[in-house]
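These notes concern the structure reproduced below.
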Amino acid sequence: MPESLGVRQARAQRTRETVVAAAAAVFVHQGVQAPIRDIADRADVGVGTVYRHFPTRADLVTAVYRHQIDTCSALAPRLLAESTSPFTALTTWADAFVEFLVTKHGLGAALGSGDPGLENLHALMLDTLVPACATLLDACTAAEETDPGITAYTLMRAIGNLCITGPDYDREDARRMVATLLAGCRRRTV
């Protein structure tokens, strides 16, 4: 008996999600220029399956980062609802943002590569993550936990600059420096 259209679509969606998850894991270790064969092997699919879902590398890179950006953005309101204070929510969200940034080996070069398929990725990051961070900062300001002059864009740029890792500056160094930055954003009570 032939599969129904719904079953085929569900299987295709699961395969797509598996490829995105595999690509995200491979990108962490090998960067966005990792061989498609390595991604296919990790997803336990053929190379043709990867290309059927993502005809170009830019399509795959965009899908991986769109998923991660959306996940990071969706975290903000959940943290506000679950945390003991807005500042705790901001700190936890900043940790997730740091993790997002420090695992993006080669993304900066890819964004500057001139590949038209990647042109909108930076705008997507800004359009999605700045409002999420702004929601957290607004809640912190309303609770008088941070000074009111801090903008989401400026804070995110500062965090981004602190997350540029290298041979003598790693993920843990970035985390410590971002924690110091956030401590400096905390409102001082007199």
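The values are calculated or read from the model by the stated rules, or taken from the named source; none is laboratory data. A quick note: this is a predicted structure, and the numbers were derived from the prediction, not measured. Here the Cβ positions follow ideal geometry from the backbone for every residue, glycine too, while neighbour counts run over all protein chains shown. Note: accessible area is taken over every heavy atom of the protein model, side chains too, but ligands, DNA and RNA are not part of it. Shrake-Rupley method; radii C 1.70, N 1.55, O 1.52, S 1.80 Å.
Would you mind computing, in nm to one decimal, how far apart the modelled labels at Asp41 and Arg78 are, each placed 7 Å from Cα along Cα→Cβ?
3.2
Give me the one-decimal nm value for the distance between modelled label points at Asn161 and Thr180, 7 Å along each residue's Cα-to-Cβ direction.
So the two model labels end up 1.4 nm from each other.
Check Thr146: other-chain or 5+ apart residues with amide H under 5 Å from its amide H, H built from backbone geometry?
Under 5 Å from the amide H of Thr146 lie the amide H atoms of Thr141, Arg187, each far enough along the sequence or on another chain.
Could you run the Karplus curve 6.51 cos²θ - 1.76 cosθ + 1.60 with θ = phi - 60° over region 141-148 and give me ³J(HN,Hα) per residue in whole Hz, x for Gly and Pro?
Running phi through 6.51 cos²θ - 1.76 cosθ + 1.60 with θ = phi - 60° gives 5, 4, 8, 6, 9, 10, 6, x Hz.
Just to verify a number: FRET efficiency for Leu126 and His67, C-beta to C-beta distance, R0 = 22 Å, to 0.05?
Taking R0 as 22 Å, the efficiency between Leu126 and His67 is 0.85.
So what are the ³J(HN,Hα) numbers for region 13-28, from phi and the Karplus equation (6.51, -1.76, 1.60; θ = phi - 60°), rounded to whole Hz, Gly and Pro as x?
5, 5, 5, 4, 5, 5, 5, 4, 5, 5, 5, 4, 5, 5, 4, 4
Using θ = phi - 60° and the Karplus form 6.51 cos²θ - 1.76 cosθ + 1.60, what ³J(HN,Hα) does each residue of region 150-160 get, whole Hz, x for Gly and Pro?
7, 9, 4, 4, 5, 4, 5, 5, 4, 4, x
Heavy atoms only, 1.4 Å probe, whole protein assembly: order Val130, Val7 by accessible area, highest first. Numbers along the way, then the final one.
Values: Val130 30, Val7 70 Å².
Reading off the accessible areas and sorting them downward yields Val7, Val130.
Between Thr151 and Val28, what is the FRET efficiency for a Förster distance of 30 Å, r being their Cβ-Cβ separation, to the nearest 0.05?
0.50
Rounded to the nearest 20 debye, what is the charge dipole size of the chain about its Cα centre when +1 sits on each Lys and Arg Cβ and -1 on each Asp and Glu Cβ?
My answer is approximately 280 debye.
Just for the Cα atoms in the chain, what are the lengths along the principal axes, largest first, rounded to whole Å?
73, 42, 27
Taking the Cα centre of the chain as the origin and placing charges on Cβ (Lys, Arg +1; Asp, Glu -1), which of His67, Gln33, Gly6 is farthest toward the positive end of the dipole?
Result: Gly6.
Translational D (Stokes-Einstein, µm²/s) of region 11-81 at 25 °C and 0.890 mPa s when Rh comes from the Kirkwood sum over C-alpha pairs? Kindly include the intermediate steps, with their values, before the conclusion.
Values: Rh = 12.6 Å.
Calculated translational D: 195 µm²/s.
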